[in-house]
Amino acid sequence: MTAHALELKHIRKSWGAVQVIHGIDLQIEEGEFVVFVGPSGCGKSTLLRLIAGLDDPSSGDILLQDRRVNSVPASERGLSMVFQSYALYPHMTVRQNLSFGLENLRMAKEEIDRRVDDAATLLQIEMLLARRPGQLSGGQRQRVAIGRAIVREPQIFLFDEPLSNLDAELRLQMRVEIANLHAQLGNTMIYVTHDQVEAMTMANRIVVLRAGKIEQVGKPLELYNRPCNKFVAGFLGAPQMNFLSGNLAPDGTLTMDCGLKMPVRLGETLSAAEKCTLGLRPETIGVSLEGAGDMTVKVQNFEQLGAVTYIYTVFANGETLTVQLAQQIPLRRGQDIGVTFDPTRFHIFAGEGERALLLHGRADA
Amino acid sequence: MGLATFLTRTKGNPDKADRIGAADLLAYGYLALGVLLILVPVLWTFLSSVKNERAVSSFDTRLLPMSQVERLIEGEGLKTTWIYTDAAGNTQEVFKAGPTRVETDVAAIDDPANVFKVPRTQLEPNEEIRIATENYLDPILGRNGQTNFTFFTYLFNSVFVTVVATLITLLINAMAAFALSKYQFRGRLTFTILIVATLLIPSSIILVSLFFVVWSFGIFGSLWGVIIPAAATPTGVFLLRQYMLTIPDELLEAARMDAASEWRIFWRIVLPLSLPALSVLAILSVIWRWNDFLWPLIVLISDPSAHTLQIGLTTFSGEFDSQFHYILAMTVVSLIPITLVFVWLQRFITTGIATTGLK
Amino acid sequence: MSIAGLASLIIGILWLGGGTLWLLTRRRYRLAQIPNFAMDLLGFPVELAQSLFGRSGVPYALLLPNMLIFGFFTFAPMILNFYVSFTGGSSISLFDRPWVGGANYSAIFQCESYFDPRTCSNEGFSFWRGMANTLMFVAIQVPVLCAAALATALVVNKNLVGRGFWRAMFFYPVMLSPVVIANIWNWVLHRKGILNETLGDATGVMTALSGMAGFDMVATILFAILLFVASERTLRAAADPSLAWAGLFALLFVAVFTWASPLRMVGFQALPSLWLGLALGAGLVWLVSTAHPAARWVVMGFTAVAMALLLTIQFDAVFSFERFRPVNWLVTPNTGWPFFWLIFVFTWSHMGFYMLILLAGLQAIPSDLYEAAKMDATKPARAFYRITLPLVMPTLVVVLVLSLIRSFQIFDEVWLLTGGGPGRETFMIVQHIYETAFTGDRPAYGSAAAGSVLMAVVIAVFTFFQLFITRRQSGL
């Protein structure tokens, strides 16, 4: 069996009395693009800094290619990092920024020049080499920051929310470029973001973190289709998954607070009726304007985007339901519409959503 | 548009014409008065310093350096000359051939043998404008018995103290500030408090015991006795620390990822980025060291070859109480370097100190 | 060779030799990297600390040189001061100094009456005289310096033509050395110097002018016009009187009031009229600045009073001075002039520095606050009291503390300008310490150290008192 590119074993980290990472185990294989995603304060950046060697874990081991690197300084781990603010040295030209690290490694001048020129060509920043960071646009700085990571020819690239300072259009463009770069270079990349869209589009594997713990690890669609709990289900996907509370009888009869009653095919046996949360992706809900369907809801607001229509509705008991339709329909506020549900695409979470219950006959896309 | 509006408006567009109000008048008046108060004494000192000995010792208050013309008269030697105006209004250049009385013996300069009497009131000194360079050159070059002001020794000592002390101050203060601003370590608060305490300890209350310390280090009487004790300035550490706190930590982390040692991070990243604060400290340090007085007076007074310009000028002023023309000239000489620095860097100094926020 | 010399030689050899060896065995340098090598060598102890103790050792290595100097040349003398103050004799070897207990202190406190320094012992007289003079100096100097610095900072912070030039000009004297400053002012203030000359000339010209026929009439009419213009401008604005014009008007009013000296009628001299006039003028400005409803009427009333006073004097004999007698500004005793010029020169030479600090504080006030105030129709004076002053207060407290500590230590200017004289009118505490320890044949280090300790106590009390009073503003 080949060595893991990176392995984390029982990593914990405390700042004084506050523990921010509560024991993380993770293996990352060679050539993977792994995205750490989670809400702010979940410890994803801390975890990245622990991997980088900028901070030291309170306990646990970090292994690179099966070599324990806990006490190896950041610069000798063979990693390179792209920072959120890019951290370009403002007093150096782009060329000096790229070559500074290589000079510190006492590399021969010709080799430094070759690598800098290669990286510049790859990122199309050749014409910027003589400029200083202050003279560059946001996107150009981003490229230089990536270039500085590339010239080191590291085993693993670390990205700490690198796109959060860019405007929406540029973010989209850089997202594609980083994905292309990964395809081109084939290196292992670890990418931290709070944006689930970035996670879904770029990752080979997503690690969802919450409050210093891993909630779920898996391929993007796996996570989307089979979230292991309400948090992961709610975090991935926009608009957010709808959650309705209700009860589930052991025979599989779902009785929701909003009045919905539906049988589902449970994959496990329950001893007694239990509180549960029903998760409905907005795009799995059908609409009939005549009011026919499983339930009737009142339209509070709607957004017509052309290709899709988002309808924000409310049940009689006050629970809200967001519907996504891939078509244009005439709507007005306050109107009652009928909605239909597809039991094969339900997510049912036990209690307040700690755990997803197994369902038979799921129609995963 | 009235004439007054036209005359007092400050901007071209009549709609937006912002007239000089009373507040502006008061402000300009205040500034003009202040600048006069500052410049007039300095300029007056300068103007006086180029007057000749006689004009200075007789407190000639004319602006220009007038001095009486001296001519070499055959058989009489060097004589000051006077203008004699006779009753008809004709003027003639003469010299006094005898003591000044109501009727003074004078002779025309081109006819020294022909002595005649004229009333004293008809004689006016024959004056010309002459820059009295000897005020400067005598003490500096040691001419005319002026060997007590060894200008070049003093200048060297002052420059040495200023440059070396400033370099040391910049280096060690920046190192301390870097440690206090960019590292988390045990004792950081203690060190910070210690430095605040130093800020509040006036240097003059430790004069006596500092003298003992410097004596036992064996640097009393040498320039190092002036340089070393003042090299670590709390002001400098604070100024630099405040500035370095604004350098993002990510830059240092990027450099650490780039395999730079901590010292190299300091040298290649932190120092260049702190340049604005460093230059303010450099200017302050130059002013402090160049103008330093009491401590050098204690340490260096016994050895004239170690005097700085300030101490040299003080002893010189003390010795030559009446020879104001030399004192004034040497005052101007020691004022010139700092004035040049000021003129050269004035915009930078004022904005630098103001924006770095000396707090 | 001294111990210090030997120590620095050994350290130097270890540093340069050891550092070169250490660096060359670990790193390779090309010829072009000699500057790199030099800088690495300079930081060799830091590099060594990093390789020995890791990154956590680095801050200590970085702090070391600075703290060594602080330790030896600031903290050690602080402690040593106490020890020296309990020893006597003139020896400069610490071990040869006999322990005398509190004798040095008791000599200072040996007074028959604590309200009169002349009844004290010699040391006591010198110390208390110096302390009293210094306290008086500080009490006058600090407010004067801060007020001048704040006023100047406010003015140069305005959007005026040539702002940079004005700021630079006010900072210029800060760069001059005390010796140069003393020589300049000695020259200007000499008995036959330019100041006396100018004052004499001015007196002559004024007397000659007022002797001319018709001068009284012309001067009275001109002054009346000026007064009218100022009061008209003050009242012109529809709502509240304009503060700036009110200030000008108040100045003119004070001048008339002083000249007319209405108090003379009830038997006072001219001087009380000046104070009363100043008080009235200040009251007027205050009324206008707070937009008091009565301000308008008060201005009108003042105008009427000023006109009446003007008619009573008509500049009659106002300008006929006695023939001006040159004053020996720095030497004449019991005139207060030496003290005055000391304060003047100190302000002259230090004001620029504090002005710049205050200017930084003023510039840190966001300009949108003033724009918001303008939208709310806030009057400039109110904006000053309610926005500028509270926001600049922390900086002002810093300036107060700094100038307090600086003024307490005054020595250079006094020593060079007056030498403490005439008599001991300007004899300051630092001069007492300096002369006790360093100028006599038998230097009394112990006594000087005792004086230093007492001075430190006084400064500490004052500083804390000041910080205590202003604690709310300074946020300390």
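What follows is calculated from the coordinates using simple rules that are stated; it is not laboratory data. This structure is a prediction, so every number in the text was calculated from the model and none was measured. When we count neighbours, we look across all protein chains shown, and the Cβ atoms used for this are built from the backbone with ideal geometry, even at glycine.
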### Message
For the pair A:ALA179/C:SER90, report the inter-label distance in nm, with labels modelled 7 Å from Cα in the Cβ direction.
### Response
9.2 nm
### Query
Taking Cα centroids, how far is region A:246-265 from region C:333-394 in Å?
75 Å
### Query
Tell me, what is the FRET efficiency for B:VAL115 and B:THR147 to the nearest 0.05, using R0 = 45 angstrom and their Cβ-Cβ distance as r?
0.65
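So, counting K/R as plus one and D/E as minus one, what does the shell of residues with Cβ under 14 Å around A:VAL176 add up to? Walk me through the numbers before you get to the answer.
Details: positive: A:ARG143, A:ARG171, A:ARG175; negative: A:GLU169, A:GLU177, A:GLU198.
Its environment carries a net charge of 0.
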### chymotrypsin sites (Phe, Trp or Tyr not before Pro) within region A:267-313, DSSP loop, no more than 14 other Cβ atoms inside 10 Å
none
#### Entry: Rg/Rg_globular for region B:66-129, with Rg_globular taken as 2.2 N^0.38 Å and Rg from C-alpha atoms
1.03
### Message
Using alpha carbons only, how many angstrom separate the centre of region C:107-186 from the centre of region C:3-40?
### Response
48 Å
#### Entry: 10 Å binning of all Cα-Cα separations within region B:135-221, expressed as whole percents from 0 upward
13, 23, 31, 19, 9, 5, 0
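Out of region B:47-112, which trypsin sites (Lys or Arg not before Pro) are coil in DSSP terms and have no more than 15 other C-beta atoms within 10 Å? Numbers along the way, then the final one.
Values: sites: B:LYS51, B:ARG54, B:ARG62, B:ARG71, B:LYS79, B:LYS96, B:ARG101; in loops: B:LYS51, B:ARG62, B:ARG101.
The qualifying sites are B:ARG62, B:ARG101.
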### Task
Compute the Rg to Rh ratio over region C:194-313 from the alpha carbon atoms, using the Kirkwood formula for Rh, and round to two decimal places.
1.04
### Query
So, with +1 on the Cβ of K and R and -1 on the Cβ of D and E, and no other charges, what is the size of the charge dipole of the protein assembly as shown about its Cα centre, to the nearest 20 debye?
1240 debye
### Query
Any idea what diffusion coefficient region A:65-146 gets from Stokes-Einstein, in µm²/s, Kirkwood Rh on alpha carbon pairs, 4 °C, 1.567 mPa s?
94 µm²/s
### Query
What shape does chain B take by its C-alpha gyration tensor, where a ≥ b ≥ c are the square roots of the eigenvalues and a/c under 1.5 counts as rounded, a/b above b/c as prolate, and the rest as oblate?
oblate
#### Entry: Cα centre as origin, Lys/Arg/Asp/Glu Cβ charges: region C:194-313 dipole, Debye
340 debye
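Based on the alpha-carbon gyration tensor of region C:50-143 and its eigenvalue square roots a ≥ b ≥ c, which shape applies: rounded if a/c is under 1.5, prolate if not and a/b is larger than b/c, or oblate?
Values: a/c = 4.89, a/b = 1.90, b/c = 2.57.
Judged from the Cα gyration tensor, region C:50-143 comes out oblate (a/c at least 1.5, b/c at or above a/b).
Using the Kyte-Doolittle scale, which helices in chain B average at least 1.0 and also have C-alpha atoms spread 30 Å or more along the helix axis, with helices defined as whole DSSP H runs? Mind showing how you got there, number by number?
Working: long enough: B:22-49 (40 Å, 1.77); B:151-182 (45 Å, 1.66); B:324-356 (41 Å, 1.45).
Going by DSSP H runs, the hits are B:22-49, B:151-182, B:324-356.
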### Long-range HN-HN contacts of A:VAL20 with modeled amide H, under 5 Å
A:LYS13, A:SER14, A:TRP15
### Task
Kindly put B:LYS182, B:LYS117 in sequence by how many other C-beta atoms sit within 10 Å of each C-beta, fewest to most.
B:LYS117, B:LYS182
### Query
Within region A:30-67, what residues put their amide N at less than 17 Å from the label point 7 Å along the Cα-to-Cβ vector of A:GLU222?
A:30-37
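Going through the cross-link list B:LYS79/C:LYS192; A:LYS44/A:LYS219; A:LYS109/B:LYS182; A:LYS213/A:LYS261; A:LYS44/A:LYS230, which pairs have a Cα-Cα distance over 26 Å in this structure?
Numbers: B:LYS79/C:LYS192 28 Å; A:LYS44/A:LYS219 18 Å; A:LYS109/B:LYS182 31 Å; A:LYS213/A:LYS261 36 Å; A:LYS44/A:LYS230 19 Å.
Pairs exceeding the cut-off: B:LYS79/C:LYS192; A:LYS109/B:LYS182; A:LYS213/A:LYS261.
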### Task
Describe numerically, in nm with one decimal, the distance between label points set 7 Å from Cα along Cα→Cβ at A:GLU274 and at A:ARG106.
6.3 nm
### Task
Quick one: grab Rg to one decimal and Dmax as a whole number for the protein assembly as shown, Cα atoms only, in Å.
41.5, 149
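Rounded to the nearest 500, what is the 222 nm mean residue ellipticity of chain A from helices alone, with -39500 (n - 2.57) per DSSP H run of 4+ residues and division by all residues?
Values: 8 runs with 86 residues, N = 365.
About -7000 deg cm²/dmol.
Taking 20 °C and 1.002 mPa s as the conditions, I'd like the Stokes-Einstein D for region B:237-359 in µm²/s, using the Kirkwood hydrodynamic radius from alpha carbon pairs.
Answer, rounded: 121 µm²/s.
Report the Stokes-Einstein translational diffusion coefficient (µm² s⁻¹, integer) for region C:1-114, Rh taken as the Kirkwood radius over Cα pairs, at 37 °C with viscosity 0.692 mPa s.
Numbers: Rh = 18.5 Å.
Using the Kirkwood radius from Cα pairs, D works out to 177 µm²/s.
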### Summary
Listed with the fewest Cβ neighbours within 10 Å leading, A:ILE206, B:ILE311 appear as B:ILE311, A:ILE206
### Task
Would you mind ranking C:TRP99, C:TRP348, B:TRP288 by Cβ crowding within 10 Å, fewest neighbours first?
C:TRP99, B:TRP288, C:TRP348
### Query
For region A:1-99, which chymotrypsin sites (Phe, Trp or Tyr not before Pro) are in a loop by DSSP, counting at most 11 other Cβ atoms within 10 Å?
none
### Message
Cut-off under 19 Å on the C-alpha distance; same-chain residues fewer than 8 positions from C:LYS374 excluded. Which aspartates and glutamates are left, in chain and number order?
### Response
B:ASP18, B:ASP24, C:ASP240
### Spin-label pair C:ALA224/C:LEU41, simplified geometry with 7 Å Cα→Cβ offset, distance in nm
8.7 nm
### Query
What is the percent of Cα-Cα separations in region B:96-247 that go past 24 Å?
64 percent
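Where does chain C land on Rg(C-alpha)/(2.2 N^0.38 Å)? Don't skip to the answer; put the middle values down first.
Details: Rg = 30.6 Å, N = 476, 2.2 N^0.38 = 22.9 Å.
Chain C yields a ratio of 1.33.
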### Query
In Å, what is the Rg of the alpha-carbon atoms in region A:6-231, and how long is Dmax?
17.5, 55
### Task
Could you pull out the longest piece of chain C with no exposed loop GluC sites (Glu not before Pro) in it, calling a site exposed if DSSP puts it outside H, G, I, E, B and it has at most 16 other Cβ atoms within 10 Å?
C:113-321
### Query
Taking only Cα atoms, what is the 0 to 90° angle, nearest 10, from helix C:178-189's long axis to the longest principal axis of chain C?
30 degrees
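Using 0.36 nm per residue, how much length does the chain from B:VAL159 to B:LEU275 gain when fully extended, once their Cα-Cα distance is taken away? Please report the intermediate quantities before stating the final value.
Details: separation 116, 0.36 × 116 = 41.76 nm, distance 2.24 nm.
That pair, B:VAL159 and B:LEU275, stretches by 39.5 nm at full extension.
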### Summary
To the nearest 10 degrees, the tilt of helix C:445-469 (Cα long axis) against the first principal axis of the alpha carbons of chain C is 60 degrees
